[in-house]
Amino acid sequence: MAAANFTLDSTGAPLNESSCDVFVYQRAASVIYPIFYSVVFVISVCGNCLVLCVICQRKQKFNSTSIYLVNLALSDALFTLALPGRITYYIRQFDWPFGDLFCRLTTLLFFTNTYAGIGFMTCISLDRYLAMVHPHRQQCLRSAKVVRRVCCLVWFLISLEVSPLLFRSTLHVREDKRTCMEYLNFDGSRFTPYLLILACFISFFCPLTIIMACYARINLKLRDAAKKNSVTGRTSRNHRANTIILLILLTFVLCFSPYHLNIMQFMFRKINHKPTCEELRDFKMSLQITVSLMNVNCCLDPVIYFFAIKTYKKRVMSLFKDYLYTSAASSKVTAENSSSNT
């Protein structure tokens, strides 16, 4: 899983090809990326912290879906801790001021969020599949005790895979600046492209296949139920389950597909020939864009919570109504003051 990233920077260029200046786009990036990640930071903090507060305040016991969603929100919330450092880094035009240890921790949080997100989205899809397609069988797999163990296993596997990043410096000197999470020197073997392709297949295509299969089976189940009983087939519970897994599938495809497909196509080309400088520059720019898309998942996850957790939906709607009421009252007072002055 996370091994798919070890050879590459956040842009992708291997270290032994660094004689090519791949930072030709840094001036535009130093303007665009601080704005982009600032927006991601605000949305992620608001959305994920709110869902953690709402779920923790619930009086009823957690069900299987809630446990997975809490872990997904926790992963996103941890990732946001690294964003202020990245924003500062881009503002300073790819110059990292916080030292080597913090750079390693930022890299660790980045890849942990990526693959924890993939892992828990897959778990939620399987959970919805069991609830809808096999409601009277295999329910022991949806018990709170088993689900907590699955979550611990996911965190353990992710930690095991990304932990080597703590023992390898990701801080490098380039001219008069120090770059962070730009180059990792794992390109010493001719088998590296093959390993990366395999890692992408395991970490991306296998979960994607599982999610798509779950969505297809749930849809077939709902269609059969609708044919047999139109009332039963259109319950809000069934509709919500179908919406949740559809949102997961769309988020998965939008956020994670471009990154992994881009790595794979470049590795296939690298097997056939040594990339030119122009290809490296294009790959760097495309990797920055696809990495940014991958980070958007922590903004889209709150949309999944909105449809999956009723109390979260009510809280968000309540906050929205309060905001509209306050805005309307403020506008009314301003209008009255203006008319009285005239």
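A compact table of results
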read-out	value
Only listed residue being at pLDDT 80 or above, assigned to a helix (DSSP H, G or I), of a type outside the set (Ser, Thr, Tyr) and loosely packed, with under 13 Cβ neighbours inside 10 Å, chosen from Ile271, Ile245	Ile271
Any hit, the stretch 218-233, residues being surrounded by 17 or more Cβ atoms within 10 Å (Cβ to Cβ), under 16 Å from the mean Cα position of the chain (by Cα) and assigned to a helix (DSSP H, G or I)	no
Qualifying positions in the stretch 118-147 - among the small types (Gly, Ala, Ser) and closer than 21 Å to Ser203 by Cα	Gly119, Ser125
Filter result for Ser327 (at pLDDT 80 or above, polar (S, T, N, Q) and either farther than 23 Å from Val42 by Cα or over 19 Å from the mean Cα position of the chain (by Cα) (or both))	no
Number of the exception - Ile43 against (1) closer than 20 Å to Ile309 by Cβ; (2) out of contact with any helix residue (DSSP H, G or I) (no Cβ under 6 Å at 6 or more places or on another chain); (3) modelled with pLDDT of 90 or more	(2)
Flag for Ile87 being at pLDDT 90 or above, closer than 30 Å to His172 by Cβ and crowded, with 16+ Cβ neighbours inside 10 Å	yes
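The values are calculated or read from the model by the stated rules, or taken from the named source; none is laboratory data. Keep in mind that what you see is a predicted model, and the values were worked out from it rather than measured. Here Cβ is always computed from backbone atoms with ideal geometry, including for glycine, and neighbour counts include all displayed protein chains.
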